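Below: one structure, written as structure tokens.
The values are calculated or read from the model by the stated rules, or taken from the named source; none is laboratory data. Fair warning: this is a prediction, and the values are worked out from it, not measured in the lab. Here the Cβ positions follow ideal geometry from the backbone for every residue, glycine too, while neighbour counts run over all protein chains shown. In case anyone asks, the SASA skips ligands and DNA or RNA and just uses the protein heavy atoms, side chains included. Shrake-Rupley method; radii C 1.70, N 1.55, O 1.52, S 1.80 Å.
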Amino acid sequence: MSMAHTDLAPGFGQAGNAVWRLRVSEGGALLRLATPIMLIALVNMGMSVTDTLMVSMLFGTDALAAVAVGSDLYSILFYLCAGTLGGIAPFYAAAAARADAAERQRLERIGWIMVALLAALAVPAVWFAPAWLQLFGLDPALLALGQGYTRAMALTLLPMLGVMLYRTILTAAEKPKVFLKVTLAMLPLNAAGNYVLMMGAGPIPAFGPTGAGIATLLVTLASLAALVVTARRAAPAASTATAIDWRGLLAVLRVGIPIGITTATETGIFLAVTLYAATLGAADVAAHTLTLRMAGIVYAGSAAMLQAAMVRMARADSLGDAHAARAVVTSSLILSFAGGTATCLLLGFGAQPLATWFFDTSAAGIAAIQVAVGLLLLLGLLEFAAYPGLAASGLLRGRKDTRTPMIYMLFAYWGIGAPVGVYLCEIQALGVTGLWIGLVTGACVTTVLTLGRLRTRR
């Protein structure tokens with residue numbers, strides 16, 4: 001017995017060390033990939049915040065409200081289209097892992113076809129929004145005030161989808177730093193363009209709030225041009241193929257459309273809470289506004305982990321490396337639990353100081369502080385619950401499993417979370433706090449279901 005133990009122990013030790021090293025290696029790869037992805041999201045958010053602040057400071061609340069209508073509609077359609085384009089990612093990551101240049105070119109061509117198709121649907125919807133949104137009871141004067149901005153954002157959709165295509169393939173090729181550099185360069189240009197085009201300078205007329213939309217369009221075109229030049233320099237000789245690969249396009253759409261619906265659903269539930277909160281008291285609205293801004297910041301980390309997990313899983317699957325695939329799963333979930341815990345603790349300890357700093361000491365400000373502290377704590381719980389679920393969703397996307405996670409999110413947020421939130425808000429008189437409890441409930445249910453799906457696919 002002792003001899004057998006002596007013979008087997010070294011083998012077990014070596015195998016255990018190999019597994020540990022593989023997990024550590026995958027954890028490092030995930031962090032190296034997720035970090036620039038997170039920074040890209042934060043920079044993009046900075047551009048959006050810059051637009052909002054400059055319009056508000058230069059033209060007042062009415063102009064901000066008019067711009068917000070077009071901005072929110074643009075955002076929903078953009079996330080739907082960008083998510084659909086994300087269907088290319090697992091295919092492209094697999095091609096990059098195999099160093100298959102021809103396949104990468106084929107997928108890029110499919111991507112541009114998708115950009116054209118999605119833009120053909122989304123651009124007119126945004127362009128004519130000032131007309132059809134009146135059917136939903138929106139103030140015609142407000143829509144008319146924001147019409148120029150909305151139409152500029154409609155035109156921005158086409159180059160922005162091209163930018164998102166390159167962001168997707170660069171991330172899938174594990175080269176997001178290229179995209180980060182381009183994005184960082186455009187941040188100051190966006191602010192300068194906003195000021196010049198809104199206020200006018202020399203021969204350039206003042207376009208008012210519309211100037212913010214025009215500046216975004218010009219910066220997006222410049223970003224796309226820089227990415228196209230960079231991609232062409234790094235890519236092998238271009239293929240001469242011109243025929244549309246319908247079979248390949250449909251395969252990508254089968255993966256991408258559920259991702260787009262999932263992304264739009266997640267964005268839509270928060271927009272719905274915002275609209276609902278607007279009918280409540282001033283303290284609730286103010287507290288929700290602060291919490292939503294913080295949600296955008298902390299979500300960048302969990303969303304980056306989703307994308308990194310997707311790319312690493314697609315790579316492992318394409319190489320047929322079962323050991324690497326298991327290491328990706330383990331490392332992704334460990335990092336996601338760590339990220340969720342850290343975010344929860346930061347928000348827990350920072351809720352009171354942040355709310356106190358953000359609001360004044362008037363009666364309304366103190367009321368907002370009291371509500372905001374509770375909402376920030378709920379946001380921490382939401383991130384703690386959502387982090388592993390998003391990582392699991394990314395792992396499933398890497399295996400091209402996107403339809404079932406989409407159904408889970410629709411069911412969890414709209415079938416369970418929304419009714420719970422409305423019940424607590426209205427029947428239990430918890431106000432916006434009840435709505436956020438509903439969001440946390442939706443996140444918890446989504447994570448449980450998605451982790452269960454991942455377990456059955458291992």
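Per residue, the range 328-400 exposes an accessible area of 41 Å² to a 1.4 Å probe, with every protein chain left in place. Of Asp245, Asp139, the residue with the largest accessible area leads and the full order is Asp139, Asp245 (1.4 Å probe). Placing dummy labels 7 Å off each Cα toward the beta-carbon, the span from Phe337 to Ala101 is 4.4 nm. What a 1.4 Å probe finds exposed on the chain is 69% carbon and sulfur by accessible area, rounded to a whole percent.
Taking only the Cα atoms of the range 292-355, the ratio Rg/Rh comes out at 1.15, with Rh defined as the Kirkwood radius.
Tyr299 exposes around 80 Å² of accessible area when a 1.4 Å probe is run over every protein chain in place.
In this view, the solvent-accessible surface of Thr274, computed with a 1.4 Å probe and all protein chains in place, comes to about 50 Å². Centre-to-centre separation between the Cα atoms of the range 401-426 and those of the range 208-225: 36 Å. Restricting the calculation to Cα atoms, the range 378-458 shows an Rg/Rh of 1.06 when the hydrodynamic-style radius is the Kirkwood one. Of all aspartates and glutamates in the structure, the ones whose alpha carbon falls short of 20 Å from that of Lys175, not counting any fewer than 8 places away in one chain, are Glu26, Asp100, Glu103, Glu108, Asp317.
A convex hull fitted to the Cα coordinates of the chain yields 175 cubic angstrom per residue. Using C-alpha pairs under 8 Å with a sequence gap of at least 6, the mean separation divided by the residue count of the chain gives a relative contact order of 20 percent. The mean sequence separation of alpha-carbon pairs under 8 Å and at least six residues apart, normalised by the residue count of the range 324-454, gives a relative contact order of 27 percent. Highest mean first, the peptides 358-369, 177-188, 148-159 sorted by other C-beta atoms within 10 Å per residue fall in the order 148-159, 177-188, 358-369. Considering helices alone, the calculated mean residue ellipticity of the chain at 222 nm is -29500 deg cm²/dmol, with DSSP H runs of length four and up weighted by -39500 (n - 2.57) and normalised per residue.
Surface calculation, 1.4 Å probe, protein heavy atoms: Leu189 sits at approximately 90 Å² accessible. Centre-to-centre, using Cα atoms only, the range 121-191 and the range 306-326 are separated by 32 Å. Within the chain, helices built from complete DSSP H runs that reach 27 Å or longer along their own axis (Cα positions) and carry a mean Kyte-Doolittle hydropathy of -0.5 or higher are 2-59, 61-85, 101-127, 147-172, 176-199, 210-234, 246-277, 282-318, 322-358, 363-398, 432-457. With a 1.4 Å probe rolled over the protein heavy atoms of all chains, the accessible area of Cys81, Cys344 falls in the order Cys344, Cys81, largest first.
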